[in-house]
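K.L.:
Sharing a structure, written as structure tokens. Questions coming.
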Amino acid sequence: MEWIDELTAIGNSEARAAIIALLFGDDPRPRHQSEIAKETGLSLRPVQRELERLVAAGLVVRGKADGLTLRRTERVDAYMRPYWADPSCPIYPELRAIAAKTRGAAAAIRAALPEHARLAWITSAYAVGRAGPDAPIEVAVIGHPKQLIARALERLGAAALHRRLKPIVMYQDEWVARLDKREITVRRLRAWPKLWVRGDAFALRDMERGERETKDLVKRVIASGEDLTDEWDDDWDPDEPTLRALSG
């Protein structure tokens, strides 16, 4: 079975998915049909067909060259009309998020992150689809080593994302320690809306709980004075059971 991404599956059309990803993506400026065809690589006819459906569904606005919306009864050259995602659409934030996760910034960041990055999310205005054209993409990452993660995001660069990237990278214990100290930056990252790149809210809570339990255990062991050092047996041979079975 041929693989398709989530946006194509939801829209049941690659052409529709490509247009949604473009109009609800990182550069939401109005575009004419010819621009949409050029940027998506589609021919003009499927672009026209899918735009009609998206306008009828209330997801996309069809306007005049001066940006004023048109009434359906007005007869104007459709080829010259600009189209853009409708911010007043009830599912505008969700479509922005789907476009970002499958083909936009979140997808690019996810692909660039090394496996050591346990949790990652985009925050601030971009996460809810309200970022201005010059606003950076603020991404929080929890994992190790920080230098490797930071370099991976630097290599991704603004050219691939069409926006400046603002990464904040922390170790797991560092995140929890700063959170417990109620530092403003960490509290903001914890409380603000998130567009998850890797992991989810449940994984974040599990990680925080695990780090606190480990810290409490270490404190108890130190306070008890118990020696947990394993004694090494020089005569122990890990291969002895196997060798005994083979010889028998």
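The values are calculated or read from the model by the stated rules, or taken from the named source; none is laboratory data. All values reported here derive from a predicted model rather than from experimental measurement. Glycine also receives a Cβ, built like all others from the backbone with ideal geometry; neighbour counts cover every protein chain displayed.
K.L.:
Could you tell me which residue of region 166-198 is nearest to the chain's Cα centre (by Cα), considering only residues that are modelled with pLDDT under 90 and surrounded by fewer than 18 Cβ atoms within 10 Å (Cβ to Cβ)?
P.N.:
Result: Pro193.
K.L.:
Tell me which residues, restricted to region 15-43, are over 16 Å from Met80 (Cα atoms) and among the β-branched types (Val, Ile, Thr).
P.N.:
Hits for region 15-43 are Ile19, Ile20, Thr40.
K.L.:
Answer yes or no as to whether Ala99 is outside the structural domain of Val197 (by TED's automatic domain parsing), in a helix (DSSP H, G or I) and modelled with pLDDT under 90. Explain how you work it out, then say what you get.
P.N.:
Details: outside the structural domain of Val197 (by TED's automatic domain parsing): yes; in a helix (DSSP H, G or I): yes; modelled with pLDDT under 90: yes.
Criteria met by Ala99.
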